[in-house]
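Student: Before I ask anything, let me first share the structure, which is written out below as structure tokens.
The values are calculated or read from the model by the stated rules, or taken from the named source; none is laboratory data. All of these numbers come straight from a predicted model, not from anything done at the bench. Positions of Cβ are generated from backbone atoms using ideal geometry, with glycine treated the same way; all protein chains shown enter the neighbour counts. Note: accessible area is taken over every heavy atom of the protein model, side chains too, but ligands, DNA and RNA are not part of it. Shrake-Rupley method; radii C 1.70, N 1.55, O 1.52, S 1.80 Å.
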Amino acid sequence: PEAGKKAPDFELPNSRGDGTTTSLADLTRGGRWTVLYFYPGAFTKGCTLEARNFQQDIDQYRKLNAQIVGVSVDSPEKNAQFCSSEGLDFYMLSDDGGEISKAYGSALRVPGIGTFSNRQTYLIDPNGNLQYVFTDVESRVARHSEEVLEKLKELA
């Protein structure tokens, strides 16, 4: 999907550990911006760095009325362990099978391994519209959170 369009709807299991799901409607209900970031896998080097940087900057996101939510094909349990071990004050969604990753254009299929989420980030406004898409995140992981904050300041 491209900027200016309605974000693809979803309802996915979250990492809160209580068996609940989170939908796009849940995220936009509070009138906040959503930083929806797709990542290949919990506990990997790049994903850990990306999550730590989002956590480091979380107060700046909150000042901009924004929330951070990660998405991967990892199980809710693995995502919960990742959030706990890294002390993350945000949660992850589990896209088993990669259907939502596909809907967002973030799915990668590797023969013999399966489908996983490519590292991409989507800024969704409080009305559920995509306002910006970061597609070249892999080469910029170390400074990605800073770039997202700058773009959010422009848009919010």
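Student: Among all the lysines, which ones have a C-alpha under 26 Å from Lys78's C-alpha, if same-chain residues fewer than 8 places away are not counted?
Tutor: Lys78 reaches Lys45, Lys102.
Student: Just reorder Lys6, Lys102 by solvent-accessible area, largest first, 1.4 Å probe, all chains present. It would help to have the intermediate numbers written out before the result.
Tutor: Values: Lys6 130, Lys102 105 Å².
Solvent-accessible surface, decreasing: Lys6, Lys102.
Student: While we're on this one: Taking Cα centroids, how far is the range 36-74 from the range 136-153 in Å?
Tutor: 11
Student: Taking every DSSP beta bridge with both residues inside the chain, roughly what % is antiparallel (nearest 5)? The partial results should precede the final answer.
Tutor: Numbers: 18 of 28 bridges.
In the chain, DSSP labels about 65 percent of beta bridges as antiparallel.
Student: For the range 8-73, what is the Kirkwood estimate of the hydrodynamic radius, computed as the reciprocal of the mean inverse distance between distinct Cα atoms, to one decimal in Å? Can you show the working numbers first?
Tutor: On the way: mean 1/r = 0.0773 Å⁻¹.
With all distinct Cα pairs of the range 8-73 included, I get 12.9 Å.
Student: Leaving out same-chain residues fewer than 8 places away, which lysines sit with a Cα under 20 Å from that of Lys63?
Tutor: Within the straight-line cut-off, Lys63 pairs with Lys151, Lys153.
Student: Suppose the Debye formula is applied to equal point scatterers at every Cα of the range 84-156; what is log10 I(q)/I(0) at q = 0.19, 0.20 Å⁻¹?
Tutor: Here the Debye-derived log intensity ratios amount to -1.01, -1.09.
Student: Here's a follow-up. Can you send over the solvent-accessible area of Leu64, 1.4 Å probe, protein chains only, in Å² to the nearest 10?
Tutor: Accessible surface of Leu64 is approximately 40 Å².
Student: With a cut-off of at most 14 other beta carbons within 10 Å, and DSSP calling the residue loop, which GluC sites (Glu not before Pro) in the range 43-116 qualify? Please list them. List each step's numbers first, then the result.
Tutor: Values: sites: Glu50, Glu77, Glu86, Glu99; in loops: none.
Sparse-neighbourhood loop GluC sites (Glu not before Pro): none present.
Student: Once you keep just the Cα pairs under 8 angstrom separated by 6 or more residues, what percentage relative contact order results for the chain?
Tutor: 31
Student: Still on this structure, please answer the following. Under 18 Å Cα-Cα from Lys6, which aspartates and glutamates qualify once same-chain neighbours fewer than 8 residues away are excluded?
Tutor: Answer for Lys6, where 18 Å is the Cα cut-off: Asp26, Glu99, Asp125, listed by chain and number.
Student: Using just the helices of the chain, give the 222 nm mean residue ellipticity in deg cm²/dmol: DSSP H runs with n ≥ 4 each add -39,500 (n - 2.57), and the total is spread over all residues, rounded to 500. Each step should come with its number before you reach the end.
Tutor: Values: 6 runs with 52 residues, N = 156.
Dividing the helical sum by the residues of the chain leaves -9500 deg cm²/dmol.
Student: Still on this structure, please answer the following. Determine how large the accessible area of Ile113 is when every protein chain is in place; take a 1.4 Å probe and give Å² rounded to the nearest 10.
Tutor: Around 140 Å² of this residue is reachable by solvent.
Student: While we're on this one: Return the inverse of the average 1/r over all pairs of distinct C-alpha atoms in the chain, which is the Kirkwood hydrodynamic radius, in Å to one decimal.
Tutor: Working: mean 1/r = 0.0655 Å⁻¹.
One over the average 1/r among Cα pairs gives 15.3 Å for the chain.
Student: In what order, largest first, do Asp59, Asp96, Asp26 sit by accessible area if the probe radius is 1.4 Å? Provide the component values of the computation, followed by the final result.
Tutor: On the way: Asp59 95, Asp96 135, Asp26 60 Å².
Ranked list, largest accessible area first: Asp96, Asp59, Asp26.
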